[in-house]
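To start, the structure itself, in structure tokens.
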Amino acid sequence: MASGGGGEIHRAQYLPGDPRLPEGRPTSRILAPLRAEGARGVALAVMSTVVVLGLLAWFVVRSENWPVVREAFFNWTEFKDTFPEIVRRFGRNVQFFLIAEVFILALALLLAVMRSLPGPVFFPIRVMSIVYTDLFRGVPTVLIVYLLAFGVPSLRLPGVPNDPAFWAVIALILSYSAYVSEVYRAGIESVHPSQVAAARSLGLTRWTTLRHVVIPQAVRRVIPPLLNDFVALQKDTALIAFVVAVPEAFKMAQIQVAADFNYTPLLGAALLFLLITVPLTRTVDWLIGRERGRRQGGGGL
Amino acid sequence: MSLSTANGSAVRLEGVHKSFGKLEVLKGIDLAVAEHEVICLIGASGSGKSTLLRCVNLIEPVDAGRIVVHREEITAVGVDVNRIRRSIGIVFQSFNLFPHMTVLRNITLAPQKALKLSKAEAEARAIELLERFGLADKRNEYPDRLSGGQQQRAAIVRALAMQPDIMLLDEVTSALDPELVAEVLNVIRELAAGGMTMLIATHEMGFARDIASRVCFLDAGVILEEGPPAQIFSAPREARTQRFLQSIIEAGRM
């Protein structure tokens with residue numbers, strides 16, 4: 001991290017994800033203390049980790065029921081037999097996730113823009129956005145999935161798809177848009193009013209100002225929290241398991257658990273979610289750390 | 001798009017009042033700016049200089065009084081503010097360049113979107129201005145790669161690219177390191193020499209004395225005293241003007 005000070009008035013305005021950012025070495029708050037301590041620090045960290053994990057393992061393994069649990073949850077043969085099928089089904093989770101995410105990003109931005117419109121004329125639009133956000137943030141996502149996936153198809157509306165999976169994805173879109181719109185709104189409000197004044201003073205309309213000046217800066221600023229919601233959404237695609245016949249990873253794992261009376265497939269499914277969510281989470285941390293370093297370091301040229 | 005104003009003023013303020021909440025910042029400003037005139041507004045912080053300029057650009061709506069630009073009352077109800085602002089450029093103390101755009105894009109955005117110029121026309125216009133003000137090699141840089149002086153010159157170019165009739169400069173050198181002030185002042189001198197009508201809020205008294213056709217001393221929301229720079233700076237009539245100038249001299253800024 002660059003040394004502080006500089007006291008410059010015109011802070012560099014790089015944002016996370018900005019391609020102009022110089023390739024700085026992101027500092028990890030987990031590993032940084034080790035670097036500072038040198039070889040002795042590393043040795044101490046390794047020893048303490050071994051001791052702690054060893055104690056934990058001993059504590060678990062010495063349990064009377066451990067052989068039973070090991071057989072039920074950590075059965076290697078079962079894992080080998082079921083994992084490939086779960087991997088195959090996991091493609092469906094990724095597919096749900098990607099489709100939903102595209103619509104969420106668009107709908108949430110629309111909601112955030114609606115809410116940021118100023119003046120008395122736009123009052124009803126602001127209220128609509130607020131009511132929407134309050135409703136969908138206030139109800140558990142799993143409930144919305146149930147209500148839509150079972151409720152809408154049973155209406156038998158002509159011309160409306162009656163596939164529960166379709167409505168489950170819609171439910172995820174509606175629910176997550178409410179959360180993501182708040183993220184966008186924070187970004188929009190973080191753009192300094194002087195930017196709007198500068199744009200409007202040039203004769204740009206409110207819309208052009210929003211489109212070319214406010215939203216691009218707002219979105220760049222909220223990329224880390226947006227990614228956080230990506231992580232949550234990726235996990236919540238498992239909710240679809242509760243309502244669909246065509247299995248995704250979690251549902252497939254449940255089916256196999258029921259077939260073999262063994263819980264190992266669930267761990268396989270968990271492993272797959274981790275494969276996606278952990279790298280995403282690390283990326284978020286890295287982006288946030290880089291942003292913090294830039295702010296504190298005074299971001300030299 | 002300059003209109004003929006043979007016997008009119010470029011800008012005329014009549015009894016302009018502006019309050020922020022309970023704080024009355026402008027308490028009845030009357031001011032007429034002739035075509036090609038350069039008016040310097042001086043006065044302590046909080047005397048209303050910036051607010052006055054922001055009212056002329058319609059960034060702040062006035063509470064009472066009117067502002068007439070080229071015989072059109074711009075403070076009237078139902079006026080297209082975007083059209084008015086296109087012909088009145090304003091430059092801010094803190095530059096307010098768009099940090100996510102290159103210098104060139106900063107300058108071409110408004111001509112393309114508000115004047116509907118083609119990209120090629122807008123860029124040609126921008127590059128001509130950038131060359132004139134010594135920034136041609138910075139056109140593909142982002143604002144935060146530029147020095148404060150370069151940023152402020154880019155902001156001036158951004159306003160000029162709209163080919164305004166009037167320029168409003170709001171303490172454009174106040175945020176700059178001392179060694180960067182001159183390059184910005186030289187740009188303004190060049191604009192004045194070219195006949196640009198300007199309203200300049202400034203703390204640079206030496207500069208005001210050089211460039212102004214008239215100096216207005218603002219105090220507590222009114223124009224307390226106005227006149228040619230020689231008179232204001234050498235023989236101010238009002239006691240408050242004298243005190244203000246005395247404090248400037250003591251601060252070593254004149």
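Nothing in this text is a laboratory measurement; each read-out follows from the coordinates by a stated rule. None of these values were measured; they are calculated from a predicted model. Cβ coordinates were reconstructed from backbone atoms using ideal geometry, including for glycine residues, and neighbour counts include every protein chain displayed.
What is the distance in Å between the Cα centres of the stretch B:147-179 and the stretch B:204-254?
23 Å
Calculate one ³J(HN,Hα) per residue across the stretch B:47-63 by plugging θ = phi - 60° into the Karplus curve 6.51 cos²θ - 1.76 cosθ + 1.60, and present them in order as whole Hz with x for glycine and proline.
Residue by residue, the stretch B:47-63 yields 7, x, 4, 5, 4, 4, 5, 5, 5, 5, 8, 6, 5, 10, x, 7, 8 Hz.
With 10 angstrom as the radius, rank A:Leu53, B:Leu109, A:Leu110 by how many other C-beta atoms surround their C-beta, starting from the fewest.
Least crowded to most crowded, the residues run A:Leu53, A:Leu110, B:Leu109.
Could you rank the peptides A:217-224, B:91-98 by their average count of other C-beta atoms within 10 Å per residue, with the highest value first?
Descending packing order for the listed peptides: B:91-98, A:217-224.
Grab the DSSP H runs of chain B that are 4 residues or longer, score each as -39,500 (n - 2.57), total them, divide by all residues and round the 222 nm result to the nearest 500 deg cm²/dmol.
The helix-only estimate for chain B comes to -11000 deg cm²/dmol at 222 nm.
Starting at 0 and stepping by 10 Å, how many percent of the alpha carbon pairs of the stretch B:1-77 end up in each bin?
Taking every Cα pair in the stretch B:1-77, the percentages come to 18, 51, 25, 5, 0.
Using modelled backbone amide H atoms (1.01 Å from N, in-plane), which distant-in-sequence or interchain residues come within less than 5 Å of B:Ile90's amide H?
When sequence neighbours closer than 5 places are left aside, the close amide H contacts are B:Leu168.
Say R0 is 25 Å: what FRET efficiency, to the nearest 0.05, do A:Leu56 and A:Leu275 get from their beta-carbon distance?
Computed FRET efficiency for A:Leu56 and A:Leu275: 0.60.
Going Cα to Cα from B:Lys18, which lysines come in below 28 Å? Please leave out same-chain ones fewer than 8 positions away.
Candidates past the 8-residue exclusion: B:Lys27, B:Lys49.
Cut-off under 26 Å on the C-alpha distance; same-chain residues fewer than 8 positions from A:Lys251 excluded. Which lysines are left, in chain and number order?
Once the sequence-local lysines are set aside, what remains near A:Lys251 is A:Lys80, A:Lys235.
Taking the mean number of other Cβ atoms within 10 Å as a proxy for protection, how do you rank B:225-232, B:242-249 from highest to lowest? Spell out each step's value before the answer.
Values: B:225-232: 17.1, B:242-249: 14.6.
Ranking, from highest mean packing down: B:225-232, B:242-249.
Stokes-Einstein diffusion coefficient for the protein assembly as shown at 4 °C in a medium of 1.567 mPa s, Rh from the Kirkwood formula over Cα pairs: what value in µm²/s?
The diffusion coefficient I find is 46 µm²/s.
Among B:Glu123, B:Glu72, rank each residue by its count of other Cβ atoms within 10 Å, from fewest to most, as a rough exposure measure.
B:Glu72, B:Glu123
Under a point spin-label approximation (7 Å from Cα along Cα-to-Cβ), what is the B:Glu238-A:Leu267 distance to one decimal in nm?
Reported label-point gap for B:Glu238 and A:Leu267 is 8.4 nm.
What full-extension length gain, to one decimal in nm, is calculated for A:Val46 and A:Thr283 as 0.36 nm per residue of separation minus the Cα-Cα distance?
82.8 nm
For a Förster distance of 22 Å, can you work out the FRET efficiency between the beta-carbons of A:Phe242 and A:Val139, rounded to the nearest 0.05?
Approximately 0.90, to the nearest 0.05.
Setting aside same-chain residues fewer than 8 positions from B:Lys22, which aspartates and glutamates have a Cα under 20 Å from its Cα?
By straight Cα distance, B:Lys22 reaches B:Glu60, B:Asp63, B:Asp219.
Determine, for B:Asp170, B:Asp219, the number of other Cβ atoms within 10 Å of each Cβ, and report the residues in order from fewest to most.
B:Asp219, B:Asp170
Please provide three numbers in whole Å: the alpha-carbon extents of the stretch A:81-297 along the principal axes, with the largest listed first.
The Cα atoms of the stretch A:81-297 stretch 70, 52, 25 Å along the principal axes, largest first.
Calculate the FRET efficiency for B:Ser213 and A:Val127 from the Cβ-Cβ distance with a Förster distance of 56 Å, rounded to the nearest 0.05.
0.60
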